[in-house]
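One structure is given below, encoded as structure tokens.
The values are calculated or read from the model by the stated rules, or taken from the named source; none is laboratory data. These figures come from a predicted structure and were not determined experimentally. Reconstructed Cβ throughout: ideal geometry from the backbone, glycine too, with neighbour counts over all protein chains shown.
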Ligand code: NAD
């Protein structure tokens, strides 16, 4: 594959760019994931709550691509937190995906006031020890949640998948992750395509490189070291979003994009989000 890997803190290789399938209905996921695999993506990011693990699994099975060439991520939903519930939910996800293991399993949200993410993570550690997950991690964890996991459990999370794009650059979180050896994975890397791709500074850099604004934003992430999982169901955009490994932004371009930070979330605040 044309996508270079990053090495996670347990030695597992993860493609730095993958395909996200949030909001893709199950019956469209098979087509969208098939288009992504055809375009060269080898990493797919789904979640139990997305309701499209089955469609994703069908596309994987139909592709004929060797399992070890793929990197499949899914996530444990909030209502399944707790040790026993996690073990059961993992079996359900694996069956829907039609797989014998996943490459990365994430706690979708911390729900700190419920106080269950440590027990949940201990179930992740068991599944990891049993060889059913190659790397375990979290999503939407704030620094104090990560700190608690690191203190109370044995496996440092391989990944924290957080909202991250030029309008929400997450400097403090990225710094903490780097100190702890946790990879930063950016969700909504394109800012959900809402407004960010029309920002004049980004459009100007796109014109300069004869690229699209989406490609410029993805390059910015990659050059910072973030893992990215852009989503699209449009085959031409699916191809465009992976066609970002034959050019580079210069320091001036990077600085212009880094100046766009507004610390502005599109999604929920992890400190309080508890949708079940
Ligand atoms: P994104 O930033 O990837 O933006 C996707 C949208 O941008 C598309 O729907 C389309 O409207 C537009 N777009 C995509 N490619 C384009 C292109 N080349 N040109 C113009 N417009 C383009 O947003 P996302 O889907 O929210 O995030 C990506 C993935 O991150 C999700 O699919 C999911 O896998 C993951 N995610 C995780 C969480 C979490 O809580 N862990 C939350 C949100 C998303």
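Just to be sure, is residue 74 at pLDDT 95 or above, under 21 Å from residue 146 (Cβ atoms), touching a strand residue (DSSP E or B) at 6+ places or on another chain (Cβ under 7 Å) and more than 16 Å from the ligand (Cβ to nearest atom)?
no
Among (1) under 22 Å from residue 161 (Cβ atoms); (2) not in a helix (DSSP H, G or I), where does residue 248 come up short?
Single failed check for residue 248: (1).
Among the residues of the range 223-234, count how many are more than 14 Å from the ligand (Cβ to nearest atom) and farther than 15 Å from residue 8 by Cβ.
Our first condition is that a residue be more than 14 Å from the ligand (Cβ to nearest atom); within the range 223-234, this holds for 223-225.
If we keep only those that are farther than 15 Å from residue 8 by Cβ as well, we get 223-224.
Qualifying residue count, the range 223-234: 2.
Just the residues that are at positive phi and near the ligand (Cβ under 6 Å from one of its atoms), please, taken from the range 181-197.
Within the range 181-197, the subset at positive phi is 181, 188, 191-193, 195.
Correct list: 188, 191, 192, 193.
With surrounded by fewer than 24 Cβ atoms within 10 Å (Cβ to Cβ), within 17 Å of residue 276 (Cα to Cα) and either within 11 Å of the ligand (Cβ to nearest atom) or at pLDDT 95 or above (or both) as the only criterion, which of 47, 35 stands out?
Working: 35 fails: within 17 Å of residue 276 (Cα to Cα).
One residue alone meets the criteria, 47.
Regarding residue 142, is this residue touching a residue at least 24 places away in the same chain (Cβ under 8 Å), surrounded by fewer than 23 Cβ atoms within 10 Å (Cβ to Cβ) and over 17 Å from the mean Cα position of the chain (by Cα)? I'd like the intermediate steps shown before the answer.
Details: touching a residue at least 24 places away in the same chain (Cβ under 8 Å): yes; surrounded by fewer than 23 Cβ atoms within 10 Å (Cβ to Cβ): yes; over 17 Å from the mean Cα position of the chain (by Cα): no.
It is false that residue 142 is touching a residue at least 24 places away in the same chain (Cβ under 8 Å), surrounded by fewer than 23 Cβ atoms within 10 Å (Cβ to Cβ) and over 17 Å from the mean Cα position of the chain (by Cα).
It is to be established whether one or more residues within the range 246-265 are near the ligand (Cβ under 10 Å from one of its atoms) and at pLDDT 95 or above. Full working, then the answer.
First, the residues of the range 246-265 that are near the ligand (Cβ under 10 Å from one of its atoms): none.
No, the conditions are met nowhere in the range 246-265.
Out of (1) in contact (Cβ under 8 Å) with a residue 12 or more places away in the chain; (2) loosely packed, with under 15 Cβ neighbours inside 10 Å; (3) part of a helix (DSSP H, G or I), the odd one out for residue 236 is which?
So residue 236 meets the others, but not (1).
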